[in-house]
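Working notes, structure below.
The values are calculated or read from the model by the stated rules, or taken from the named source; none is laboratory data. Computed from a predicted model, the values in this text were never measured in an experiment. Reconstructed Cβ throughout: ideal geometry from the backbone, glycine too, with neighbour counts over all protein chains shown. Only protein heavy atoms, including side chains, enter the accessible area calculation; ligands, DNA and RNA are left aside. Shrake-Rupley method; radii C 1.70, N 1.55, O 1.52, S 1.80 Å.
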Amino acid sequence: MKTANLLKNMSGRMGADQLPALLPPSVTVLQVRPLAAGRGTQDLLVKIATPTGRTKVLRLAWRASAIPSRVREFLRAMGRSGSQYHVFASRFISPRVREICQEEGVGYLDLAGNCLIQFDGVHVEKIVEKNPFPGPGRPASVFS
């Protein structure tokens, strides 16, 4: 499967050229390789170059939904690999989910531009507070 199709499947809107745009400009994407895919999920290995010139492989776990109670369970089940840095990715990652990722020692990335990559003395972070993808939510009134 080509990278463009793989990333498009992650969000339904994303093209291969957008993954580098979601990371801060100081991070360079060197290679993207697919792992596993399922309904609303996609796992990728993404090799990056950091601002210090180091290279690292990120294991990016895309989930369509980022509900805090489910995210913590998922992150704990994901396991850890010494050579890879784990990154949770979704459409939008709320402040609570960002906090959970930090508590679990996992980075994050979303389509709004939120990003945290933190390993071996490297710290790259970007925060976007407003969700550009609001869900339908509740109606203002039960009679709406």
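When you look at residue 65, is it closer than 18 Å to residue 128 by Cα and loosely packed, with under 13 Cβ neighbours inside 10 Å, yes or no?
Considered against the rule, which asks whether it is closer than 18 Å to residue 128 by Cα and loosely packed, with under 13 Cβ neighbours inside 10 Å, residue 65 comes out as yes.
Mind checking which residues of the stretch 9-28 are crowded, with 17+ Cβ neighbours inside 10 Å and either on the phi > 0 side of the Ramachandran plot or modelled with pLDDT of 55 or more (or both)?
19, 22, 23, 27
Out of the residues in the stretch 101-120 that are in a loop (DSSP other than H, G, I, E, B) and of a type outside the set (Val, Ile, Thr), which is surrounded by the fewest Cβ atoms within 10 Å (Cβ to Cβ)?
Out of the qualifying residues, it is 120.
Quick check: anything in the stretch 86-100 of a type in the set (Ser, Thr, Tyr), within 26 Å of residue 31 (Cα to Cα) and open to solvent by less than 10 Å² (accessible area, probe 1.4 Å)?
yes
Any residue in the stretch 67-87 that's in contact (Cβ under 8 Å) with a residue 40 or more places away in the chain and farther than 13 Å from residue 97 by Cα: show its pairings with residues that are open to solvent by less than 30 Å² (accessible area, probe 1.4 Å) and basic (Lys, Arg) at Cβ separation under 8 Å, as long as the two are six or more apart or on different chains.
Final answer for the pair search is none.
Given the conditions (1) over 19 Å from residue 114 (Cα atoms); (2) modelled with pLDDT under 85, report the number of the one that residue 51 does not fulfil.
(1)
Can you tell me which residue within the stretch 43-62, out of those that are within 14 Å of residue 32 (Cα to Cα) and among the basic types (Lys, Arg), is surrounded by the fewest Cβ atoms within 10 Å (Cβ to Cβ)?
Narrowing the stretch 43-62 to residues within 14 Å of residue 32 (Cα to Cα): 43-49, 55-62.
If we keep only those that are among the basic types (Lys, Arg) too, we end up with 47, 56, 59.
Numbers: 47: 14, 56: 18, 59: 20.
Residue satisfying both the conditions and the ranking: 47.
Which one of the conditions (1) over 21 Å from residue 127 (Cβ atoms); (2) in a helix (DSSP H, G or I); (3) under 15 Å from the mean Cα position of the chain (by Cα); (4) at pLDDT below 80 does residue 74 fail to meet, given that it meets all the rest?
Failed condition: (4).
Determine whether the stretch 42-50 contains at least one residue that is touching a residue at least 60 places away in the same chain (Cβ under 8 Å) and not in a loop (DSSP other than H, G, I, E, B).
yes
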